[in-house]
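Everything on this sheet refers to the single structure shown next.
The values are calculated or read from the model by the stated rules, or taken from the named source; none is laboratory data. It should be emphasised that the depicted structure is a prediction, and the values quoted were computed from it without experimental measurement. Note that we place each Cβ from the backbone using ideal geometry, even for glycine, and neighbour counts take in every protein chain shown. Remember, those area values only see protein heavy atoms, side chains included, never the ligands or the DNA or RNA. Shrake-Rupley method; radii C 1.70, N 1.55, O 1.52, S 1.80 Å.
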Amino acid sequence: MTILVIGRSGQVARALLKPSQSHDLPFIFLGRDALDLSDATTIEAAIARVSPDAIINAAAYTAVDAAESDHEAARAINVTGPAFAAEIAAKRRIPFVHLSTDYVFDGTKNLPYVETDSTNPLNMYGLTKRDGEALILAHHPDAVILRTSWVYSPFGKNFLRTMLNLAQTRDSLSIVDDQIGAPTSALDIATACLSIINAKLSGHEGRGVFHMTGEGETSWAGFAQAAFNHTAAWREGKVPNVTPIPTADYPTPARRPLNSRLNCDLLEATFGIRLPPWDKSMRETLAVLRDEFGVTS
């Protein structure tokens, strides 16, 4: 029994690595040097070589602002590549799990989004992820697509690590406060992916699109403030003041949805999975990061 993870250096792929080692799970991680989602030849060759019993696609083009000008690469990695991998998985009749994003929505709804709500991406990243979802399900109707949001982890580039880095040199930070969503731990995503793969390998019939985020909601400013509050003790109180600002005061090449909240009831009803509260998971991640970012006398 072999599970192929497409991606090796991203947050979720790295989060999957530890449980796969500690539980001696039969995972094979392939980075871009061995399986390039922008190159169909490497996709087909790698899957044929590994001959997996299930596939998790943890790779994506996630540079949201860069995607506004790098359309071709974003589309290849987020649409055509994953769809081709899903097509191969369908031919082999094996489970395929793919990660997507809250950015498929425009954020104008007043309530958390459900899976059946109409998509209307505001940026090229969201558009390619939305198109990727559709093409994957067209090729592999039994696939599981997990929309998540505001992913962070102890490694790689993410908002939490950026804030901790800035806290080392800044006395104050201005952070957007009118975008609302749920920070989601890559460690929690990895655990859920393992549960879903195990369920699918056991014959579970759950398929289609599901929302999967940390429980609760906050803003980017609230996320940063919570992180600073929780790290104040082991940073000797050396944390910056947070000034909340509107999105209009922090222009970026790509527009972001103001409401990124996702209703995750369907995931729980189908697979029995609900992620922990975002603040609880963040504190667990901060505990891992203490040695790296803590202030030493």
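Figures for the structure shown
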| item | result |
| --- | --- |
| Identity of the residue in the range 233-289, among the hydroxyl-bearing types (Ser, Thr, Tyr) and in contact with a helix residue (DSSP H, G or I) (Cβ under 7 Å, 6 or more places away or on another chain), that ends up nearest to residue 148 (Cα to Cα) | 260 |
| Residue that is farthest from residue 143 (Cα to Cα), among those in the range 56-101 that are among the β-branched types (Val, Ile, Thr) and not in a helix (DSSP H, G or I) | 64 |
| Every pair of residues 6+ apart whose Cβ atoms lie under 8 Å, when the first sits in the range 190-201 and is touching a residue at least 12 places away in the same chain (Cβ under 8 Å) and open to solvent by 10 Å² or more (accessible area, probe 1.4 Å) while the second is assigned to a helix (DSSP H, G or I) and of a type in the set (A, V, I, L, M) | 194/16 |
| Top-ranked residue in the range 29-44 [being assigned to a loop (DSSP other than H, G, I, E, B) and hydrophobic (A, V, I, L, M, F, W, C); ranked as nearest to the chain's Cα centre (by Cα)] | 37 |
| Identity of the residue in the range 259-297, among the basic types (Lys, Arg) and not in a loop (DSSP other than H, G, I, E, B), that ends up surrounded by the fewest Cβ atoms within 10 Å (Cβ to Cβ) | 290 |
| Any chance residue 167 is modelled with pLDDT of 95 or more, open to solvent by less than 50 Å² (accessible area, probe 1.4 Å) and not β-branched (Val, Ile, Thr) | no |
| Search result, residues across the range 107-145 that are surrounded by 18 or more Cβ atoms within 10 Å (Cβ to Cβ), in a loop (DSSP other than H, G, I, E, B) and of a type in the set (Gly, Ala, Ser) | 107, 143 |
| Subset of the range 170-186 (residues that are buried (at least 24 other Cβ atoms within 10 Å of the Cβ) and either not in a strand (DSSP E or B) or not polar (S, T, N, Q) (or both)) | 181, 182, 183, 186 |
| Complete set of residues in the range 62-82 that are buried (at least 16 other Cβ atoms within 10 Å of the Cβ), among the hydrophobic types (A, V, I, L, M, F, W, C) and touching a residue at least 40 places away in the same chain (Cβ under 8 Å) | 64, 67, 74, 77, 79 |
| Members of the range 43-57 found to be closer than 16 Å to residue 83 by Cβ and either at pLDDT below 95 or surrounded by fewer than 16 Cβ atoms within 10 Å (Cβ to Cβ) (or both), listed by number | 44 |
| Matching residues, the range 207-243, being outside any strand (DSSP E or B), more than 14 Å from residue 286 (Cα to Cα) and either more than 24 Å from the chain's Cα centre (by Cα) or hydrophobic (A, V, I, L, M, F, W, C) (or both) | 212, 220, 221, 236, 237, 238, 239, 240 |
| In the range 136-155, the residues that are over 18 Å from the mean Cα position of the chain (by Cα), over 14 Å from residue 57 (Cα atoms) and of a type in the set (A, V, I, L, M, F, W, C) | 138 |
| Counted residues, the range 146-164 - those being touching a residue at least 24 places away in the same chain (Cβ under 8 Å), farther than 28 Å from residue 210 by Cα and open to solvent by 10 Å² or more (accessible area, probe 1.4 Å) | 1 |
| Filter pass, residue 89 being buried (at least 21 other Cβ atoms within 10 Å of the Cβ), among the aliphatic types (A, V, I, L, M) and either over 13 Å from the mean Cα position of the chain (by Cα) or over 27 Å from residue 54 (Cα atoms) (or both) | yes |
